[in-house]
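Shown next, in structure tokens, is the structure this report addresses.
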Amino acid sequence: MKSDKVIKWGILGPGGIAKKFVGDFKHVKNAEVIAVGSRSLENAERFAKEFQIPRAYGSYEQLVQDADVDIIYVATPHPAHKDNVMSCLRAGKAVLCEKPFTINAQEAAEMVQYAKEAKLFLMEAMWTRFLPAVVKTREWLSANLIGEVRLVKADFGFRIGWDPEHRLLNPELGGGSLLDAGIYPVSFASMIFGEAPETITSNSNIGETGVDEHFSALFTYSGGRSASLNGGVRLQMRNDAFIYGTEGYIHVPNFLFAKSADLFINGELKESFKFDGEETGYAFEAAEATRCLQEGLIESKIMSSSETLQLMQTLDAIREQWGLTYPSEQ
């Protein structure tokens, strides 16, 4: 049963992505951000002042111990996710954790198991799942408008400047294209097919710093279904997604930030969906987490913790083919 309780949020890690998240929070109903925690009080206070957050803490531990906080948004770099999330869970807090969920599946499994045993809400912040254009895409698929889905194609790549110390090129920080960019097309394929691939074939370009600068992967599923996926951090891509079925196809332009989706039947455009609202995926994912807490749920059906674990296992399998490990895993 849904309650009318206002869900109170805390922010762990007041960096750039946390600014975008809180900046979009005005669109989230029945929720408010009441606290922020940083490794320095100065940073926390600066963030709190900018976004009019009443409480600022100079350590993550102080934040997780705030009795009034219901859920914490973990916005730190992904090598820190496991320790940060476990700290929240051990304090009895629900968690929305930025993507990629962790460095590897072993870390993810520990987090998911603890949350389930403690009956605490835990969700990966895969914002694309909650964009209205992607929601509409799932509705078209549920209505079987393009017939049986046979092929998914999704790319997400961008080109950053050359800086060996940049987090995306630094192996110490889990840099590379797979975890930061590739998680989006991999997750998109998982959303469409609803299961892990039976086989994975992948290759990558390992750059000077020892991280994957771009990659390609082919997934196969039962019945001859497949997914063709690409990602990059030193290679600008078109960033569209296509879902091909036996009766038609769906095109989601710039699917990561999707504002529209087009449905084609037998080669003809049958329906176009466009979203003109101000909200971004941050507001929609926060709204989903808020709804789940109000209804007493410990995971979202749209982005379940079990699927997140499956995704991390898939990413591990891809890296295994490349022979790529991160320093924290050695």
- [ ] Taking only the range 144-167 into account, find how many residues are of a type in the set (Asp, Glu) and within 21 Å of residue 184 (Cβ to Cβ).
- [x] 1
TODO: Could you list, in sequence order, all residues of the range 80-102 that are open to solvent by less than 10 Å² (accessible area, probe 1.4 Å), more than 17 Å from the chain's Cα centre (by Cα) and within 18 Å of residue 285 (Cβ to Cβ)?
DONE: 88
Open item on the list: Condition first: surrounded by fewer than 21 Cβ atoms within 10 Å (Cβ to Cβ) and in a helix (DSSP H, G or I). Now tell me which residues in the range 108-132 satisfy that.
Closed with: 109, 110, 113, 114, 116, 117, 118, 132
Open item on the list: Among the residues that make up the range 53-62, is at least one of them among the charged types (D, E, K, R) and within 16 Å of the chain's Cα centre (by Cα)?
Closed with: no
- [ ] Sort out which residues of the range 46-79 are modelled with pLDDT under 95 and either open to solvent by 20 Å² or more (accessible area, probe 1.4 Å) or of a type in the set (Lys, Arg) (or both), and write them in order of number.
- [x] 77, 79
Open item on the list: Take the residues in the range 1-45 that are among the acidic types (Asp, Glu) and modelled with pLDDT of 95 or more; name whichever of them is farthest from residue 91 (Cα to Cα).
Closed with: 24
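Being buried (at least 19 other Cβ atoms within 10 Å of the Cβ), out of contact with any Pro (no Cβ under 6 Å at 6 or more places or on another chain) and β-branched (Val, Ile, Thr) is true for just one of 36, 6, 28. Which residue is that?
Answer to the selection: 28.
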Open item on the list: If I go through the range 231-247 residue by residue, how many of them are under 23 Å from the mean Cα position of the chain (by Cα) and either part of a loop (DSSP other than H, G, I, E, B) or more than 14 Å from residue 160 (Cα to Cα) (or both)?
Closed with: 10
TODO: Would you be able to tell me the number of residues in the range 231-268 that are open to solvent by less than 60 Å² (accessible area, probe 1.4 Å) and touching a helix residue (DSSP H, G or I) at 6+ places or on another chain (Cβ under 7 Å)?
DONE: 15
TODO: Give the residues of the range 269-284 that are hydrophobic (A, V, I, L, M, F, W, C) and open to solvent by less than 60 Å² (accessible area, probe 1.4 Å), sorted by residue number.
DONE: 273, 275, 283, 284
Open item on the list: Which count do you get for residues in the range 213-230 that are part of a strand (DSSP E or B) and open to solvent by 20 Å² or more (accessible area, probe 1.4 Å)?
Closed with: 8
Task: Cross-chain or 6+ apart pairs with Cβ under 7 Å, the range 168-192 first and over 11 Å from residue 213 (Cβ atoms), then assigned to a helix (DSSP H, G or I) and among the aromatic types (Phe, Trp, Tyr) - done: 188/255
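The values are calculated or read from the model by the stated rules, or taken from the named source; none is laboratory data. Bear in mind the structure is a predicted one, so any value in this text is a computation, not a measurement. Counting neighbours? That spans all protein chains shown, and the Cβs are built from the backbone with ideal geometry, glycine included. Each accessible area value is taken on the protein alone, full model and side chains, heavy atoms only, with ligands, DNA and RNA left out. Shrake-Rupley method; radii C 1.70, N 1.55, O 1.52, S 1.80 Å.
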